[in-house]
Amino acid sequence: MVVPSSTTPARQEIATAAAALQLPAIPTVDMSAPRGLLSRQVARACAEQGFFRAVNHGVLVPGPAPAARQLDAATAAFFALPAHEKQRARGVQGQGPPSSPLGYGCRTIGFSGDVGELEYLLLHANDPAYKAASIHAHDPKHFSCVVNEYVEAVKQLACDILDLLGEGLGLEDPRSFSKLITEPDSDSLLRINHYPPSCTVHKLDHDGQCKLKGTACRAKAGNGGNPTGGGRIGFGEHSDPQILSLLRANDVDGLQVLLPDVNGKEVWIQVPADSSAFFVNVGDLLQALTNGKLLSVRHRVIASACRPRLSTIYFAAPPLHARISALPETVTAGSPRRYRSFTWAEYKTTMYSLRLSHSRLDLFCVH
Ligand code: GA4
């Protein structure tokens, strides 16, 4: 069920302040609710906000060392390596066109000049090449097992949510969305982002190596009229291009989503960190598949904490050859087809030719 996003005293305070300011609330969906109710609530959150916090999701909890905890430990160890060792993991995966910057990256986002205050690992969820990669030089097998286990668990949750959406939207085949991401050649990605504390200086040295240099803490509270609240852009404003994204992060804030307030004006809303939850957002392809009924939400990360933020995001995508066109049930006389049909490969090529913040789906509108 959709419950107020206020389960701790701190969250309660934020929710109360947001309500007093008439700011939009972050929908929270209790994944253990009865299925009928759950499907309606997931569909409603994805239609109204394109975003929700999933609690009681029931994955990643069993076992003495669940995949999530093992992955966090492995990636924290990777990011703690000296810069020159991390650089060895650049471009570790095969790159057939349309290319994507897989492997380790620092500050550079995409190929069109975007930068952010972060370093990251970008892995192809279905590409076994990372098994041989130099990401975890000391124990690459262990690293790939942990990634595989995590991907399987999070993919299952993504499928459950997509099936709930299919049911909530009353699709003839409620599995229409999840089928796309379970194809053996689906193009899903796993991204692990490490945002250094904002009280450290992030520098690229002369050989282009990424260096994190600690300094005394200078992070300031308050926003002084700065729309980023005084923080630095960790990952700039964008929508995710794929079908669905599932994000899990440590307990350091930073994620913001662009939501309409009571007057319909869009405002940046800080998403309080919750390391036990998944944050789910609709991607461009799901907006296209539903003829605009579900919204691909714009979001960003602002680094303003004195502790590092670590986030792991699974981007559920179809195979490159998959054709994306609005499902027939979503096209009616009152709601004519909004986007022309395209393949994911075509969309990917377009997105990599554009800046991060581009509203790229608009280019596919039919007029
Ligand atoms: C945003 C979502 C994912 O992180 C990502 C990003 C990709 C990249 O970092 O290589 C993109 C960005 C993302 C959208 C527009 C293009 C592609 C950078 C960029 C400028 C991995 C993805 O699939 O799209």
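The values are calculated or read from the model by the stated rules, or taken from the named source; none is laboratory data. Predicted model only: the values in this text are computed from it and were never measured. Cβ atoms come from the backbone with ideal geometry, glycine included; neighbour counts cover every protein chain shown.
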Q) When you look at His358, is it surrounded by 14 or more Cβ atoms within 10 Å (Cβ to Cβ) and not in a helix (DSSP H, G or I), yes or no? A) yes
Q: Among the residues of region 260-292, write down those that are assigned to a loop (DSSP other than H, G, I, E, B) and more than 16 Å from Pro27 (Cβ to Cβ).
A: Asn263, Gly264, Lys265, Ala273, Ser275, Ser276, Gly283, Thr290, Asn291, Gly292
Q: State the number of residues belonging to region 101-123 that are within 9 Å of the ligand (Cβ to nearest atom) and free of Cβ contacts under 8 Å to residues at least 12 places away in the same chain.
A: 1
Q.
For region 161-179, give me the residue count where each residue is outside any loop (DSSP other than H, G, I, E, B) and in contact with a helix residue (DSSP H, G or I) (Cβ under 8 Å, 6 or more places away or on another chain).
A. 11
Q) Within region 157-177, which residues are surrounded by 22 or more Cβ atoms within 10 Å (Cβ to Cβ) and in contact with a Gly (Cβ under 7 Å, 6 or more places away or on another chain)? A) Phe177
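So that you can scan it fast, the table gives a plain yes or no per residue for (1) within 13 Å of the ligand (Cβ to nearest atom); (2) part of a loop (DSSP other than H, G, I, E, B); (3) in contact with a helix residue (DSSP H, G or I) (Cβ under 7 Å, 6 or more places away or on another chain); (4) more than 27 Å from Pro184 (Cα to Cα):
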position: Ile302; (1), (2), (3), (4): no, no, no, yes
position: Ala305; (1), (2), (3), (4): no, yes, no, yes
position: Leu310; (1), (2), (3), (4): no, no, yes, yes
position: Tyr314; (1), (2), (3), (4): yes, no, yes, no
position: Ala326; (1), (2), (3), (4): no, yes, yes, no
position: Gly334; (1), (2), (3), (4): no, yes, no, yes
position: Glu346; (1), (2), (3), (4): no, no, no, no
position: Met351; (1), (2), (3), (4): yes, no, yes, no
Q: Pairs only if they're at least six apart or on different chains, beta carbon under 8 angstrom, first in region 344-367 and within 13 Å of Ser325 (Cβ to Cβ) and at pLDDT 95 or above, second crowded, with 17+ Cβ neighbours inside 10 Å and of a type in the set (Val, Ile, Thr); list them, first residue then second.
A: Trp344/Ile324; Tyr347/Ile324
Q: Would you check if there is a residue in region 238-247 being in a loop (DSSP other than H, G, I, E, B) and more than 16 Å from the ligand (Cβ to nearest atom)?
A: no
Q.
Going through Ala305, Ala273, Ala249, Ala277 one at a time, which residue ends up being of a type in the set (Gly, Ala, Ser), closer than 27 Å to Lys348 by Cβ and touching a strand residue (DSSP E or B) at 6+ places or on another chain (Cβ under 9 Å)?
A. Ala249
Q) Only one of these conditions is not met by Ser341: (1) among the polar types (S, T, N, Q); (2) more than 16 Å from the ligand (Cβ to nearest atom); (3) closer than 29 Å to Thr75 by Cα. Which number is it? A) (3)
Q. Which of the residues spanning region 324-343 are among the hydroxyl-bearing types (Ser, Thr, Tyr) and in contact (Cβ under 8 Å) with a residue 60 or more places away in the chain?
A. Thr330
**Q.** Given (1) surrounded by fewer than 22 Cβ atoms within 10 Å (Cβ to Cβ); (2) modelled with pLDDT of 95 or more; (3) not hydrophobic (A, V, I, L, M, F, W, C), index of the condition Gly116 fails
**A.** (1)
